[in-house]
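Rule-based calculations on the coordinates, nothing more; no lab input. Just so it is clear, the structure is predicted and the values come from calculations on it, not from any experiment. Please note: Cβ atoms are built from the backbone with ideal geometry, for glycine as well, and neighbour counts cover all protein chains shown.
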Amino acid sequence: MQGPVIAALYRHPVKGFSPEILQSAELIAGKAFPCDRLFAVEDGPSGFDISAPRHISKMRFAVLARSARLARLGTHYEADTGVFCVTLPDDAKHEFNLLELSGREAFAAFLADYLTPDFKGRLNVLQTVGDHRFMDHHSGDISILNLASLRALSDQLGQDISPLRFRMNIHLDGLEAWSEDALQPGARFQLGAAELEVVSPTRRCKATHANPVTGDYDLDLVPELRRHFDRVTLGFYARVIKSGTVSVCDDFRVGDAQVSDD
């Protein structure tokens, strides 16, 4: 019987906006998931200092925890050119070069019109520098979801819950539900050719209440997690210890042995 494997890989080039599915990714020791959260849209001054970038609360940015309507925008980022394509619900398309100040300003102006009145401050598109990323966690470079745990929650609610609500980089399948709880901070594991280390469980927020298809708040997942499982965490953060390529269908192993599903 096949053991646990990578079921899907995702990046989110602009914090708060739609994910992009990948078949493989090159993980680098000490660095975040490739092309993930390179940009963020601040709602008024967030305190971001490009000369000394640091972690800032997601609530200072345009994110799904503050506006479900962000999910109605289909997006795609061309890393080679910096062009960010935004598709509206009516299929109208707009392109912005986020590597250029004029493109970031144009994107901010577009969002200010589209998102009124969800955000009150002056929207400004920020570009990260160096190894800094606009992550929700101050030291969690990569986010990982156990699909079996999500299915356990879906079963309790009597409906399928899209894993895209959780905005994780790596989805694992073939594990037991909640088996990730046995991975304490500092525990090491293999994914494909890379080695990673557990940082902490992922605390969930209102962003998961947003339907990734309709762009509406339609399910109070955090209260449901607490009610059915006495917890508000789902998934975990990790950091890369040893560089390597990871691909869909690659094995997930803890220590010297592959984690089994029985």
| field | Cut-off under 5 Å, modelled amide H: who pairs with Asn124 long-range | value | Glu42, Gly44
| query | How big is the shadow of the Cα convex hull of the range 1-89, averaged over all directions, in nm²? | reply | 8.6
| Using distinct alpha-carbon pairs, which all enter the 1/r mean, Kirkwood radius of the range 132-174 in Å | 11.6
| Taking K and R as +1 and D and E as -1, what net charge do the other residues with C-beta under 11 Å from the C-beta of Arg72 add up to? | -1
| message | Restricting to Cα pairs below 8 Å that are 6+ residues apart, what does the relative contact order work out to for the chain? Please round to a whole percent. | response | 28
| note | Rh_Kirkwood(the range 113-154) over Cα pairs, Å, one decimal, evaluates to 14.4
| message | Restricted to Cα positions, what overall size does the range 1-153 have along the principal axes? Three whole-Å values, descending. | response | 53, 40, 32
| task | Using only C-alpha positions, report the orientation-averaged shadow area of the convex hull of the chain, nm², one decimal. | result | 14.0
| query | How much net charge surrounds Gln23 when only the other residues with a Cβ under 14 Å from the Cβ of Gln23 are counted, with Lys and Arg +1 and Asp and Glu -1? | reply | -2
| query | Once the Cα atoms of helix 147-157 and of the chain are each reduced to a long axis, what angle between those two axes, in degrees from 0 to 90 to the nearest 10, is obtained? | reply | 80
| query | What list of ³J(HN,Hα) couplings, whole Hz, do you get for the range 6-14 from phi and the Karplus terms 6.51, -1.76, 1.60, once you set θ to phi - 60° and write x for glycine and proline? | reply | 6, 8, 6, 10, 9, 10, 10, x, 10
| field | Surrounding net charge for Lys58, when Lys and Arg each add one and Asp and Glu each subtract one, Cβ distance under 9 Å | value | +2
| remark: Taking alpha-carbon centroids only, the range 61-94 lies from the range 203-237 a number of Å equal to 22
| request: Return the Rg/Rh value of the range 138-253, two decimal places, where both radii are evaluated on C-alpha atoms and Rh is the Kirkwood radius. | output: 0.97
| field | Of every Cα-Cα pair in the range 201-259, the percent that sits beyond 17 Å | value | 61
| note | In the range 109-234 the DSSP beta bridges are antiparallel at a rate, in percent to nearest 5, of 65
| note | Taking the chain, the lysine pairs whose C-alpha atoms sit under 30 Å apart (8 or more places apart or on different chains) add up to 16
